[in-house]
Each structure stands twice: as structure tokens, then as C-alpha cells.
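Undergrad: What follows is a structure written as C-alpha cells; I'll ask about it next.
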Amino acid sequence: MPEHASSAPPRRALVALVVTLFFIWGFATVLVDTLVPKLKASFSLSYAEVMLTQFSFFLAYLVVSLPAGALIARIGYIEGAIVGLVLMAAGCVLFAPAAAFGVYGGFLLALFVMAAGITILQVAANPLIAILGSRESSPSRLTLAQAFNSFGTFVGPFVGAAFILAANEPPAPGAAQAAMEAYRHAEAQAVQTPFLGIAAVLIVLAASFWFSRRAAASFPDKPERLQAALAPLKKPRLALGAVSIFLYVGAEVSIGSLLINYLMQSSTLGVDAATGSRLISLYWGGAMIGRFIGSAVMRRIAAGSVLAACACGAALLAGISGVSVGMVAAVTVLAVGLCNSIMFPTIFALAIENLGDETPQGSGILCLAIVGGAVVPVVTGFVADAFGLATSLFVPALCYLWIAAYGLLTRSTILDRKTLAEAP
């Protein structure tokens, strides 16, 4: 139809901009991992102290997700994305004074502000990419966008290694205070540069969204009426989807956190830390490739079925690794990344399906569930301390089994019966 055809070019441009969002926040997020060794050395921190970086980052999902859903319900997805980009850029800029003054708390504040911006972007961008096309293809479209997010997480570590982790020779033990201050200044400069570069890119993206606002006339950019923040939890599809997001992020972060130490064990590969770090690129690279493949597969096979198959595969691979040694243990745990690939975007798309005016609040609830990345790894860590790293892999394996069940449930009408019963 003519009207539909005329809206296609601005929609395509908007899809490209949203996909760029997925890349940039994946790229920025993974740089946080490279900050850990840098900050630990610069401020002589313990492991418990330096892990406050991850705590500050994930805390933003807990604090900001629901307000972000309410904000986007009022101003729309596009303007919500602009707010998220500006806030994320502000967080990146805050790295400069934190580094200049050498205040660890300043880095934690910068991380929280940056993550708050990313949270708003996720609340806005995930449903936005889902509605920029047909409902049937939304899981495929969201998975394709998430593939570019994975590309960002794949590229980011190389940039972090080249800039943030660039070697500055530390002063000898017992060196003068001036020498230590000079070392810390050089380390701080290494942190500032990449984040200020990201801030500049984010401002350009925010301006691009501002000039693309006219595209919102061709689709429902915001709901017709506001809903209570937690009202969508009455929908079983969303409520169980939130639990699935919680467990998925927890499982992914758990495996990613223990992977280097696991590969360093003599019973696995016995490699050094640097080699183990390089091998992680296979884990993230598998997630990236799997999302491109999954985007095509879900145009032909129901998203719930693909989700269930991948979750079962991840559970099986984690279990096999947990009871194996040597190359088998290493290959199977790294292959979990390939199975992880489609899970987050597919769960997200399935959970917000048919929410209508409640979509912004539903998106906020799902982003709130990302706090699972701070909870499940603690459980996994307790199991690792008590029974060993291999046994701890069964914690994420159990998480994947729940996700498989959710995928199968979405193939039936059982999750929609309550919703249909409440329909006027």
C-alpha cells in the first residue's frame, strides 16, 4: 500500500540506528571487564573491593529499570533512546574527572551513570526493534540486533587491551611517592581516552535519533494510555519471561566469570591467564555467530522451539564439561556461548508479545530482571568454593533447563489464557 511504502525508508533508517545502539552498548559494557585489572593495580585494591565495579554496574538495572519504563511510556521509545544515550555519554565523561583526581569512588559513580543510560537504552531499544516490522518476525529481528551487540562484546576486549590495558611500567617497590603518582596519572590517562571517544559517538547517535523523530509517525511510538509499573506482571508470559531473563543473565555471567580460572586448571587445559583470556573470544564469538544464524532460523521455525533447543543444548554442554577433563571439558564449556546466542533476545521478544500499551512497563520489568547477573554468580561461587569449579557448572545448567521449559510453554496457549480471560 502507498502509505506503508512511504514509511519504509524512514523505518529502515531507524532500524539501522537501533542496531547501532545494540553494538555501542555491547562495546561499552565489555570494556568494564578490562577496567578490573587496571583499577586493581592503580588503587591497590583487594578482589572484593575491585568487584564493586560489577556491583555498581548491575545496581543500575535494579534502580533504573522500572522508572525507565515509566519514562518511556510518557515520552516514547525514540525520545527515551535519546535520554539513554545522553545519560550514557555523561557516565563516560565522568571517567575523566575520576581518573584526573584518582578517586576510586568516582569510577564507581561513572559506571553507575553509564549503566543507567544503558538500562534506559535497553528498555527502549528492545521493544522498539520488535515493533519496527511484523509481530511474527520480531524474535528474528531482535536476535539480529543482538548479534551486533555480541559483535560489540567481541571487538571491545581488543580495544580495551590496546588502550586501557596498555602496559605502563609500574614503579619498583618502595619507590618515591612522586613516582607512584606519575604511574597512577599514566594509568588514568589510559582509562580516559576510550571512554571519552565513546561519549563523542554517543552524542552523534543522540543527534541522529533527534533528527529521525519523524519516523515515529509511521508506528506506535508510545502507548495510548499509561499503566502501573508492575501491572504487566499479571501476565504469566511476562512474569515467567522475567524469571527466565534473571536466570539466563545469571548463567551467562557465572560461566563468563569462572571461565579463565576453569581453563587454567590442570584438569582442563592448564593454560596461563593470558591464553585463557584469548580463548574467551571463542565464547563471545560463538554467541555472535549464533545470533546471525538464529535470526535466519527463526524465520522458519517457531521462536519458542528454537529457544528450548538452544537451552537444552547449553544445559547438556555445561553438564558434560562438569563431568569431563581436558580438551572435552574446555570445548564443551566454550560451546555454551553458541547456545547462549539467541536466548536473551528471544526470551525478551516472547515475553513482551501482545502487551500492547503495557510494553514499556514490561520492558522495564525484563531489564530489572538482568540483576540476575549479580545474584546467580554468587550462588555459583559458593558451589565452586564448596565442591570445585567443575561442579559449579551445574548451577547454570539448571538455569538453562528452566529456560527450555519456558520456550516450550510459549508454544502452547497456556501462558495466554489468563490474559484472554481478562480481555473485555
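The values are calculated or read from the model by the stated rules, or taken from the named source; none is laboratory data. As the structure is a computational prediction, the values presented were derived from the model and not from experiment. Heads up, the Cβs are rebuilt from the backbone with ideal geometry, glycines too, and the neighbour counts pull from every protein chain shown.
Undergrad: Restricting to the range 377-391, what's the tally of residues that are modelled with pLDDT of 85 or more and aliphatic (A, V, I, L, M)?
TA: Number satisfying all stated conditions: 3.
Undergrad: Hand me the list of helices (runs of 4 or more DSSP H) wholly inside the range 306-381 holding 2 or more residues that are surrounded by fewer than 24 Cβ atoms within 10 Å (Cβ to Cβ).
TA: Ranges flagged: 326-340.
Undergrad: Shifting gears a bit: Among the residues that make up the range 261-279, is at least one of them surrounded by fewer than 17 Cβ atoms within 10 Å (Cβ to Cβ) and within 30 Å of Ala130 (Cα to Cα)?
TA: no
Undergrad: May I pose another question? Based on what the data block shows, is Pro127 at pLDDT below 80 and closer than 24 Å to Val249 by Cα?
TA: yes
Undergrad: On the given criteria, is Ile131 crowded, with 24+ Cβ neighbours inside 10 Å and either touching a His at 6+ places or on another chain (Cβ under 8 Å) or among the β-branched types (Val, Ile, Thr) (or both)?
TA: no
Undergrad: Additional query: Of all residues in the range 154-163, which are under 19 Å from Arg291 (Cβ atoms) and in contact with a Ser or Thr (Cβ under 7 Å, 6 or more places away or on another chain)?
TA: Of everything in the range 154-163, those that are under 19 Å from Arg291 (Cβ atoms) and in contact with a Ser or Thr (Cβ under 7 Å, 6 or more places away or on another chain) turn out to be Phe154, Pro157.
Undergrad: Which residues, taken from the range 158-179, are at pLDDT 70 or above and in a helix (DSSP H, G or I)?
TA: Once the filter is applied, which keeps residues that are at pLDDT 70 or above and in a helix (DSSP H, G or I), the range 158-179 yields Phe158, Val159, Gly160, Ala162.
Undergrad: Can you name the helices (runs of 4 or more DSSP H) wholly within the range 34-115 that have at least 1 residues being at pLDDT 80 or above?
TA: Here the list reads 52-75, 77-101.
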